[in-house]
Amino acid sequence: MISTVAESAIDADRAAWAQRLRRVRAASEALAADLSPEDQTIQSMPDVSPTKWHLAHTTWFFETFLLIPLLPGWRVHHPAYGHLFNSYYEAVGPRHPRPQRGLLSRPGVDEIAAYRRAITGGMLDLIGGADERQWREIAPLIELGLNHEEQHQELILMDIKHVFSVNPLKPAYRPRAATPAPRSMAGPAGWMQFGGGMAEIGHAGNGFAFDNEGPRHRQWLEPFRLASRPVTCGDYLDFIEDGGYRRPEFWLSDGWATVQSQGWQAPLYWEREPDGEWSIFTLGGLLPFDPAEPVCHASFYEADAFARWAGARLPTEAEWEVAAADVPLAGNLGDRGRFHPEAVSGKGNELQQMIGDVWEWTASSYSPYRGFHAVNGAIGEYNGKFMSGQMVLRGGAAVTPPGHVRVTYRNFFPPAARWAFSGIRLAEDA
Ligand SMILES: [Fe+2]
């Protein structure tokens with residue numbers, strides 16, 4: 001009797017994993033459903049990957065790390081896909097150069113859809129057929145594969161936005177109602193006071209986290225203040241109109257060099273109309289400038305320069321995480337389907353929009369936490385080898401899948417990157 005109860009619990013557990021696998025896989029496919037094969041093939045810059053590449057690469061991850069080593073009798077789906085769809089795993093072998101992903105007219109979207117169906121089917125066989133000893137090895141890899149695929153769902157949206165932005169037709173990924181957004185003015189940001197002292201940050205306990213979020217460890221914090229809301233487009237326009245992009249005194253040396261070499265005059269996707277007004281390109285098409293929206297698609301260099309101009313600074317990731325400890329994990333995330341930050345509101349007397357809308361740059365470089373060790377083998381390449389030359393962002397954005405945000409989550413990008421949904425929240429010493 002006892003074993004029957006235990007077995008039914010195991011069956012229910014497996015069924016839940018199978019359901020989650022189907023749901024995450026279907027969500028990726030839904031993001032591509034309205035895109036033409038041509039849309040899904042273009043690579044508009046080296047950082048961007050074609051939609052169909054994301055769909056194939058997330059599938060390759062399951063085939064490479066689960067089906068090939070662990071499903072008895074599995075035959076490799078296509079001998080070339082390991083080379084085409086490996087992203088950066090040196091231990092797995094050589095791969096197609098990243099900047100040339102957009103040159104792959106073959107395999108086409110139908111072949112990649114068939115690849116997805118085959119691997120999802122194999123995964124369901126693996127989930128159903130593994131014995132208990134195998135299952136303990138398999139379950140954490142499935143969870144990593146699903147979280148990996150959710151990361152790529154955000155990348156699909158970031159990347160198709162860039163692809164569409166370089167097209168003079170300015171296509172809308174999800175067209176918005178034609179009514180122009182009402183112009184709103186944000187209230188002034190307030191300062192939330194935090195006392196400092198010995199704090200603990202990092203992931204601990206149950207539930208999934210990427211390896212880079214742990215171990216939980218102590219950090220000493222001096223008293224600090226954090227702005228109640230993100231920096232808005234209106235705030236940022238004040239910086240531009242005060243000569244922000246022409247005054248080197250606000251900029252880090254590398255940032256100023258980038259402003260010069262790239263000709264930056266505003267965040268990515270801001271477009272100045274012939275009448276001098278600004279518009280912003282979004283996944284809903286080109287929209288009127290709304291000064292109350294959180295500024296988005298700013299680089300770390302721009303975030304840092306804005307903060308210096310404003311007489312403030314960016315928060316460290318430890319300050320951000322301590323401040324966010326009691327914030328509900330809800331906000332304008334990808335499930336709303338808006339895929340764009342929402343205007344700020346409120347009186348400035350509480351923390352707002354910490355979760356969702358825009359990833360917030362921190363002043364912290366992406367480095368290992370004390371005690372961090374990447375696991376052995378190819379999976380150890382997932383995060384650890386990127387801990388050089390990048391900055392941490394926190395909080396999730398309007399394109400982040402719900403359930404994929406945690407207060408311990410460490411996103412990271414190089415300081416000049418602007419195609420992520422990256423914004424700014426100010427801090428200051430208290
Ligand atoms: Fe990946």
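Quick look at the values:
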| read-out | value |
| --- | --- |
| Heavy-atom accessible area order for ASP304, ASP238, largest first, 1.4 Å probe | ASP238, ASP304 |
| Using θ = phi - 60° and Karplus 6.51 cos²θ - 1.76 cosθ + 1.60, couplings along the range 269-275 (whole Hz; Gly, Pro as x) | 6, 7, 10, 8, 6, x, 7 |
| Heavy-atom accessible surface of the chain: percent carbon and sulfur, 1.4 Å | 54 percent |
| In degrees, nearest ten, helix 132-165 long axis to first principal axis of the chain (Cα) | 40 degrees |
| 3J(HN,Hα) from dihedral phi, the range 202-209, Karplus parametrisation 6.51/-1.76/1.60, rounded to Hz, x for glycine, proline | x, 6, 8, x, 7, x, 6, 8 |
| Lysine-lysine proximity count for the chain, Cα under 26 Å, sequence distance 8 or more or distinct chains | 4 |
| Mean ellipticity per residue at 222 nm, deg cm²/dmol - from DSSP H runs of n ≥ 4 across the chain, formula -39500 (n - 2.57) | -10500 deg cm²/dmol |
| Gained length - ALA12 relative to GLU38, 0.36 nm times residue gap less alpha-carbon distance | 5.2 nm |
| Relative packing of 391-404, 279-292, 152-165, which averages over residues the other C-beta atoms within 10 Å, highest first | 391-404, 152-165, 279-292 |
| Cα lying deepest toward the dipole's positive end in the range 158-273, options GLN260, LEU169, ALA189, charges on Cβ | LEU169 |
| Label point distance in nm, ALA172-ARG23, each placed 7 Å from Cα along Cα→Cβ | 3.0 nm |
| Nonlocal amide H pairs with ALA417, under 5 Å, H built at 1.01 Å | PHE300 |
| Under 5 Å, built H, 5+ apart or other chain: amide partners of SER364 | GLU317, VAL392 |
| On Cα atoms only, tilt of 51-62 relative to the major axis of the chain in degrees | 50 degrees |
| Phi to ³J(HN,Hα) by Karplus 6.51 cos²θ - 1.76 cosθ + 1.60 over the range 395-406, Hz, x for Gly, Pro | x, x, 9, 5, 10, 8, x, x, x, 9, 9, 9 |
| Å² of accessible area per residue within the chain, as computed with a 1.4 Å probe and no ligands counted | 44 Å² |
| Binned Cα-Cα distance frequencies in the range 385-427 - 10 Å width, integer % | 24, 56, 21 |
| Inter-label distance for SER105 and LEU286, nm, one decimal - labels placed 7 Å from Cα along Cα-to-Cβ | 3.0 nm |
| Listed peptides 33-44, 265-276, 49-60 by packing density, highest first (mean Cβ within 10 Å) | 49-60, 33-44, 265-276 |
| Around GLN260: net Lys/Arg minus Asp/Glu count, Cβ-Cβ under 12 Å | 0 |
| Virtual spin-label span in nm between LEU329 and ASP275, 7 Å along Cα→Cβ | 4.6 nm |
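The values are calculated or read from the model by the stated rules, or taken from the named source; none is laboratory data. No experiment lies behind these values; they were computed from the predicted model shown. Because the Cβ atoms are built from the backbone with ideal geometry, glycine has one as well, and the counts that use them run over all protein chains shown. Quick note on the areas: whole protein, heavy atoms, side chains included, nothing else; ligands and nucleic acids left out. Shrake-Rupley method; radii C 1.70, N 1.55, O 1.52, S 1.80 Å.
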